[in-house]
Amino acid sequence: MSDRHEPFTLTPGAADSPVLLHVPHGSRRIPHHVREGITLNDAALEHELDHITDAHTAELAAAAAKLAPVAPWRFVNNLSRLVVDPERFPDEREEMLAVGMGAVYTRTTHREPLRPPEDDPTPLLEAYFHPYATAMTEAVEARIAAAGRAVIIDVHSYPTEPLPYELHGTGPRPPVCLGTDPFHTPPELLAAAETAFGDRFGHDGIGHDTPFAGTYVPLRHYGSDRRVTALMIEIRRDTYMTEPGGPAGPGLDTLAEGLAELVGSVTPR
């Protein structure tokens, strides 16, 4: 499906490509009935979306897919992470619950109220979180069936200056942060990303797991299936856009070239 009014879109790539570019946080769209449950006024909501949205990451993934020698598949969230955040654990395992940012946020990036804390998150989880997780799991399993493996490249961005919600905001904030998982991120995948982005930002411009760590793997495969490898690409926003929430600049093209090179390096010709 390709309709942006759907909650998410899976765009096919090459039939034998193992690569799935995952864009979970790039949309500002909030359905009307979900908006009604958010306590911010319209101006405050727009301000929050400016800060919380990984702006232009869907465009970045699309541009990289066109440049890559073998087209990757793309799984894009068409709804704001203020609806649900598909990359959070939906239960007490999620450390971001400490700042009101579990799978359903109750606090903003500035730790202000977003939803009443007593609201039951179950309806949003059932309507949006679980269907997304199921579809992403099926997309990964389809890559395994077609290519014998799946390579998830998680595409994110982050602000130049730390926001109050960040639990680990005091560390370095390099132009490109590579988020890893000890089980699912093999050395060769990390090295390929270091080369692809290091060629463009310099070796000192690449960080590991700072200010954000980890990467997304469906729970069905997490920690158990080595056919699923994954890496998170976190891009500092001043490298490609006007902050917060402004237009993209020429840096987006440079990043697309780097991401395309990474896709090509992990895809058999």
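The values are calculated or read from the model by the stated rules, or taken from the named source; none is laboratory data. In this text the structure is predicted, and so the values were computed from the model without any measurement. No Cβ is skipped: glycine too gets one built from the backbone with ideal geometry, and neighbour counts run over all protein chains shown. Keep in mind that these areas ignore ligands, DNA and RNA; they rest on the heavy atoms of the full protein, side chains included. Shrake-Rupley method; radii C 1.70, N 1.55, O 1.52, S 1.80 Å.
Looking at this structure, is residue 62 under 16 Å from the mean Cα position of the chain (by Cα) and under 26 Å from residue 247 (Cβ atoms)?
When the stated conditions are applied, residue 62 passes them.
Please go through region 51-67 and pick out each residue that is in contact with a strand residue (DSSP E or B) (Cβ under 8 Å, 6 or more places away or on another chain), open to solvent by less than 20 Å² (accessible area, probe 1.4 Å) and either part of a loop (DSSP other than H, G, I, E, B) or farther than 26 Å from residue 260 by Cα (or both).
54, 55, listed by residue number.
Please state which of the following conditions residue 48 fails to meet, knowing it meets all the rest: (1) touching a Ser or Thr at 6+ places or on another chain (Cβ under 6 Å); (2) among the charged types (D, E, K, R); (3) open to solvent by 30 Å² or more (accessible area, probe 1.4 Å); (4) not in a strand (DSSP E or B).
(3)
Please list, ordered by first then second residue, the pairs with beta carbon atoms under 8 Å, 6 or more apart or interchain, first in region 54-76 and at positive phi, second among the hydrophobic types (A, V, I, L, M, F, W, C) and not in a helix (DSSP H, G or I).
56/241; 56/248
If you go through region 78-111 one residue at a time, how many are part of a loop (DSSP other than H, G, I, E, B) and among the aromatic types (Phe, Trp, Tyr)?
1
Would region 1-12 turn up any residue that is acidic (Asp, Glu) and surrounded by 15 or more Cβ atoms within 10 Å (Cβ to Cβ)?
Within region 1-12, none of the residues are acidic (Asp, Glu) and surrounded by 15 or more Cβ atoms within 10 Å (Cβ to Cβ).
State all residues of region 254-269 that are closer than 22 Å to residue 204 by Cβ, out of contact with any Lys or Arg (no Cβ under 6 Å at 6 or more places or on another chain) and either of a type in the set (S, T, N, Q) or open to solvent by 50 Å² or more (accessible area, probe 1.4 Å) (or both); if no residue qualifies, say none.
257, 261, 265
When you go through (1) in contact (Cβ under 8 Å) with a residue 24 or more places away in the chain; (2) open to solvent by 50 Å² or more (accessible area, probe 1.4 Å); (3) among the hydroxyl-bearing types (Ser, Thr, Tyr) one by one for residue 122, which number turns out not to apply?
Of the numbered conditions (1) in contact (Cβ under 8 Å) with a residue 24 or more places away in the chain; (2) open to solvent by 50 Å² or more (accessible area, probe 1.4 Å); (3) among the hydroxyl-bearing types (Ser, Thr, Tyr), the odd one out for residue 122 is (1).
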